[in-house]
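All remarks here apply to the structure that follows.
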Amino acid sequence: MTDTQIASTKHEGLISKLIATYRELNLSVRQLPEDRLTSGGPDGSIRSIIARMRLDEMLFAQALKQQVTGVVVGALNDEELEALRQSDDSTTMLISQFGSARETTLSLLRGLSEEEWTASTAEGKSILQHIEELIRSDEQQMQRLKQLIG
């Protein structure tokens, strides 16, 4: 087994949790009517939570790609961030965009060696610690969604 295969096996539980979030969004949210998803206002609706998750995942995937490849990816500027925040895409589209960004994250993680998982990033945390934070955030957001869905 290569170092990358060993690391992938060791961290498969974390990767499974990241996959489970996207699956759960598809199972519990995608089939709901859009008017139900948008009720509750911009800060308290199911759609607003999904929009925030999408933005967070896009930014996370971008930062991870830069960390892993060393290639400086053009960061989203303030106008692009605001356009994403104000997007009128359907919730189904937001879930799809979240899924695309999550797949980028997953593909990058699957190629990491154990050393890369545990090496400190510029913020002084390892990729492993960042992934654990992402999973905690997912769990919190999914809990909020469950409360709103009922």
How high is the FRET efficiency between V68 and S39 when r is their beta carbon distance and R₀ equals 30 Å, given to the nearest 0.05?
-> 0.15
Search the structure for amide H atoms under 5 Å from the amide H of S126, placed 1.01 Å from N in the peptide plane, and list their residues when 5 or more places away or on another chain.
-> T121
Can you list the lysines whose alpha carbon sits under 29 Å from that of K146, skipping same-chain ones fewer than 8 residues off?
-> K17
Can you put T92, T21 in order of Cβ neighbours within 10 angstrom, beginning with the fewest?
-> T92, T21
Modelled label-to-label distance, N26 and L106, 7 Å Cα→beta-carbon offset: nm?
-> 0.8
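Each value in this text was obtained by applying a stated rule to the coordinates, not by laboratory testing. From a predicted model like this one, the values you see are computed outputs, not experimental measurements. A quick note on method: Cβ atoms are made from the backbone with ideal geometry, for glycine too, and the neighbour counts reach across all protein chains shown.
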